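What follows is a set of notes on a single structure, which appears directly below.
The values are calculated or read from the model by the stated rules, or taken from the named source; none is laboratory data. Computed from a prediction, not measured in an experiment: that's the story for all the values here. FYI the Cβ positions are ideal-geometry reconstructions off the backbone, even for glycines, and counts take in every protein chain you see. Each accessible area value is taken on the protein alone, full model and side chains, heavy atoms only, with ligands, DNA and RNA left out. Shrake-Rupley method; radii C 1.70, N 1.55, O 1.52, S 1.80 Å.
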Amino acid sequence: MSDHVNIFGLTVCNESMDDAIQRAVHAARSKLRQIVFFINAHCINIAVSDPAYLQTLLVADQIYADGVGMRFAIALCGERLADNVNGTDLFPRLCETAAREGVGMAMLGAKPGVAGQCARNMQNRLPGLQFPFVHDGYFKPEDEASLINHINESGAGILLVALGVPSQELWIARNAHRIRTPVILAVGGLFDFYSGLRRRAPWLLRQCGLEWSFRLAQEPRRLFRRYILGNPLFLMRTFLLRLSGKEVLAGRVRVRTRS
Ligand code: UDP
């Protein structure tokens with residue numbers, strides 16, 4: 001099994017959830033910059049039609065393949081993923097390690113009150129856990145500089161950015177140079193889940209790779225394009241990739257290379 005997989009123009013890190021957590025916490029403690037993105041089929045669909053977003057994804061130090069779509073695409077190209085390293089499953093385990101190692105976490109994103117509730121829920125489970133900065137994701141552009149100052153002053157070792165795809169990756173790429181928090185993760189809707197605002201799909205659906213169908217049932221209008229149109233499109237792109245042995249990405253044809 002390779003420790004990296006090249007697919008759709010991106011280099012995906014192929015390691016276990018435990019290794020991903022250790023890597024992030026070690027970087028936080030050592031003050032080493034690490035930008036982490038979890039890339040799913042929806043991200044790939046956006047990257048194919050938007051070269052600027054694809055360039056943004058390339059700023060990541062670690063990219064993990066998130067979800068059944070990416071697992072399938074990688075398998076079709078002859079590689080096997082060690083684990084399903086996604087932000088939502090990683091978060092509680094990252095919190096455990098961060099609490100044990102004394103690494104504070106900053107949270108930016110979700111509707112007002114949601115990140116705070118998520119932080120309180122995690123602190124009830126893990127009393128040593130510190131969230132020195134918590135803010136919602138509906139701020140004005142003119143407040144951004146002051147928010148970043150507060151993040152920097154918080155002394156957090158890890159910043160979780162939950163603004164949704166693609167805003168969170170674009171926000172991180174635009175602002176990383178002025179953020180002093182060493183480790184920055186783009187984590188999607190996970191504050192909604194761990195605050196209790198939204199229910200996650202039952203375990204069995206998640207095991208069958210059908211978490212997306214549960215999310216679609218909860219928010220059909222918002223997620224119709226993403227899943228009903230996006231999933232077949234992603235599958236088509238995956239089969240094209242397999243058939244051609246090449247990547248068609250952002251209008252360019254690239255020869256697929258393996259590490
Ligand atoms: N969000 C935000 N600011 C915005 C738009 C969205 O903080 O301007 C939050 C939203 O409240 C939700 C998360 O970003 O908590 C996006 O959730 P979604 O389930 O869409 O995540 P994705 O699947 O895109 O990663």
| Quick one: what do you get for the chain if you divide its Cα Rg by 2.2 N^0.38 Å? | 0.98
| note | GNM on the chain, Cα springs under 10 Å; top mean-square fluctuation among 15, 211, 144 goes to 144
| request: Just add up the charged neighbours of residue 39: K/R +1, D/E -1, any other residue whose Cβ is under 11 Å from the Cβ of residue 39. | output: -2
| request: Keeping the other protein chains in place, figure out the carbon and sulfur percent of the accessible area of the chain, with a 1.4 Å probe. | output: 53 percent
| note | A student asked for the Cα radius of gyration and Dmax of the range 23-82 in angstrom ought to give 13.5, 38
| request: Counting only heavy atoms of the protein chains, get the accessible area per residue of the range 1-81 (1.4 Å probe) and round it to a whole Å² value. | output: 40 Å²
| Interchain or long-range residues, amide H under 5 Å from residue 184's placed H | 34, 35, 36, 159
| Sequence-separation-based contact order of the range 1-160, relative, with Cα cut under 8 Å and 6+ spacing, percent | 23 percent
